[in-house]
Amino acid sequence: MTTLIPFITVIGAGLAGSEAALAAARLGVHVHLYEMRPVKMTPAHRSGNFAELVCSNSLGGQGELQAKGLLQSEMRSVGSAVMQAADASRLPAGGALAVEREGFSERMTGAVRSHPNITVHGEEVTGLPEGYTVIATGPLTAEALAAELTKLTGEDQLAFYDAAAPVIAFESIDMEVAFRAGRYEQSADYINCPMTREQYEAFYAALETARSHTPHDWEKLEFFEGCMPIEEIARRGKETPRFGPMKPRGLTDPRTGRWPYAAVQLRQEDQEGRMWSLVGFQTGLKWGDQKAVVQLIPGLENAEILRYGVMHRNTYLNAPRVLDAALELRDRPGTFVAGVLAGTEGYLESAATGWLAGTNAARAALGLGKLVPPQESMLGGLTRYLESANPKNFQPMNVNWALVPEIPATDPIYAGGRKKLGKREKRPVMYRRGLGAFVDWAQDAGMDVTLPPEPVTVLGEETLVAAPA
Ligand SMILES: Cc1cc2nc3c(=O)[nH]c(=O)nc-3n(C[C@H](O)[C@H](O)[C@H](O)COP(=O)(O)OP(=O)(O)OC[C@H]3O[C@@H](n4cnc5c(N)ncnc54)[C@H](O)[C@@H]3O)c2cc1C
């Protein structure tokens, strides 16, 4: 009598798919992994290696002050293959976890190809397979599969283009300057940053000279009116932004009783109201210039940018409409989605969601229940965001501290309200709370857990992951 070994299918051997395949294989299921490169290349990849880093070689800032630092530690604790390859190929890079890119993806390729539970198929997948599956085909998912996904989820649920505006941490907005209101007092759903004529002119001058990221040849930026970048709107004339996304009509500033000369509006992005995006401010400005321009907006002088605006080709699902927090498609049980296609942003986030999707698909194949990490952990915060973010204008997200709960005001660190704490004091507490919750959760779920080394506190400015060059 032959015993049938439970198996899953993983599509795409990028950051998410390679991690998913190895996580599932470690749980004892057999994995059929499909990767179309090098037979069919994407416009961004250069090799046939797995987990290729297509642009920067950084997996983000490290240590207990960094949201990526917490995610790195969570992944190390459950034996993430991407973190093992990154640690083995790291380069000196100050506060960031940078890696030697060829060495990194060669290690990942070796780990996948040599695993006895993984069979690699070098071919493009054009339809959705039956059985437990992880789809991890990334921002440049091949057309035929993308068309299948559109058929499955509906016309409007798969985006092919990312025209994203910066997202700001609420706690960094100066509400002494900004005010809550909707146009013509219809609602108080928006945060508005009012500008005088002088402030508008200074802002316009900065926008005119700010440098844009030069698109790759394959990213033909054909703007449709609805998602034109703010710098392009400005290029059409000094008054154009003031008659477009910066129009002040109907926005009565409670401090003056009048409409300002111009205004920037922010819309709530998450359920708790800790992340706000600039309405109509999709932008391809370089990140340094983008920050300088945003911080010229009254009320945003100290803005903490949780996610920079980007303009590039990107295939991603409207996660809050189609996925749950375990990364399973709501309308197709047994099919999980990971990486950029699931609405995340970044190498590390792709790998982490790959680990969870691979683990859950393998558990499903083994007849076990699916898992969702605790909300205090960075991975739990990210997947809950994917499940519950505002589905209107959904934008992919990278990890940040606003994804996990604040430290409650009753916590002893506030000394009964006598102490006011800054980021540097709060974040190590959030780091320890998140890692502790994640490790306990993983142990309760029966996983092999190794406590990661003590975090390094990296002082100074938060390390930015380099924007696409
Ligand atoms: C140009 C560009 C630059 C970026 N730069 C950065 C950066 O600097 N830092 C950062 O953190 N993030 C960056 N990102 C975002 C993101 O982190 C990376 O794209 C990351 O590789 C995403 O991981 P993934 O696993 O979702 O997709 P990928 O790593 O792209 O993996 C998807 C895999 O699926 C394969 N595939 C696609 N369709 C099929 C199919 N139908 N059948 C079989 N195989 C298929 C592809 O060949 C690919 O190997 C960038 C994205 C792009 C597009």
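All of the numbers you see were taken from the coordinates with simple rules; none came from a lab. Keep in mind that what you see is a predicted model, and the values were worked out from it rather than measured. A quick note on method: Cβ atoms are made from the backbone with ideal geometry, for glycine too, and the neighbour counts reach across all protein chains shown.
Per-residue ellipticity at 222 nm, computed for the chain from helices alone with -39500 (n - 2.57) per DSSP H run of at least four residues, works out to -9000 deg cm²/dmol. Just tell me which lysines come within less than 19 Å, Cα to Cα, of LYS68; anything on the same chain fewer than 8 places away is out. Straight-line reach from LYS68, under 19 Å: LYS423, LYS426.
Give the peptides 132-145, 303-316, 428-441 in descending order of average Cβ contacts within 10 Å, highest first.
For the peptides 132-145, 303-316, 428-441, the packing ranking is 132-145, 303-316, 428-441.
The dipole here belongs to region 41-92: it is taken about the Cα centre, uses +1 on the Cβ of Lys and Arg and -1 on the Cβ of Asp and Glu, and is about 100 debye. Protection proxy ranking of 406-416, 249-259, 30-40, by the mean of other Cβ atoms within 10 Å over each peptide's residues and highest first, is 30-40, 249-259, 406-416. The magnitude of the dipole of the chain, with charges of +1 and -1 set on the Cβ of Lys/Arg and Asp/Glu and taken from the Cα centre, is near 580 debye. Over all other residues within a Cβ to Cβ distance under 9 Å of ALA442, the charged ones net out to -4, with Lys and Arg as +1 and Asp and Glu as -1. Using alpha carbons only, the radius of gyration of the chain set against its Kirkwood radius gives Rg/Rh = 0.98. Averaged over residues, the count of other Cβ atoms within 10 Å places the peptides 261-272, 16-27 in the sequence 16-27, 261-272, highest first.
Evaluate the relative contact order of the chain (contact order divided by residue number), counting alpha-carbon pairs under 8 angstrom at least 6 apart; express in whole percent. So the answer I get is 24 percent. Bridgeable aspartates and glutamates around LYS151 (alpha carbons under 20 Å apart, same-chain partners fewer than 8 residues away excluded): GLU124, GLU130, GLU143, ASP324, GLU328, ASP331.
Of the residues GLY284, LEU207, ALA352, the one whose Cα sits farthest towards the positive end of the charge dipole of the chain is LEU207 (charges of +1 on Lys and Arg Cβ, -1 on Asp and Glu Cβ, taken about the Cα centre). For region 167-308, a simple Cβ point-charge model (Lys and Arg +1, Asp and Glu -1, everything else neutral) yields a dipole of about 400 debye relative to the Cα centre. Listed by chain and number, the aspartates and glutamates whose alpha-carbon sits under 17 Å from that of LYS247, ignoring those within fewer than 8 places in the same chain, are GLU185, ASP189, GLU198, GLU201, GLU225, GLU231, GLU232, GLU239. A Förster radius of 25 Å combined with the Cβ-Cβ distance from PHE243 to MET175 puts the calculated FRET efficiency at roughly 0.40. Projecting the Cα atoms of MET430, GLN375, GLN186 onto the charge dipole of the chain (Cβ charges, centred on the Cα centre) puts GLN186 farthest toward the positive pole. Counting neighbouring beta carbons within 10 Å and listing from fewest to most, the residues ARG427, ARG332, ARG418 come out as ARG418, ARG332, ARG427. Secondary structure note: in the chain, about 65% of the DSSP beta bridges are antiparallel.
Taken along its principal axes, the alpha carbon cloud of region 167-308 reaches lengths of 47, 33, 25 Å, longest axis first.
If Lys and Arg each add +1 and Asp and Glu each add -1, what is the summed charge of the other residues whose beta carbon sits under 11 Å from the beta carbon of LYS370?
-1
Each of LYS370, LYS392 was scored by other Cβ atoms within 10 Å of its Cβ. Listed from fewest to most, they are LYS392, LYS370.
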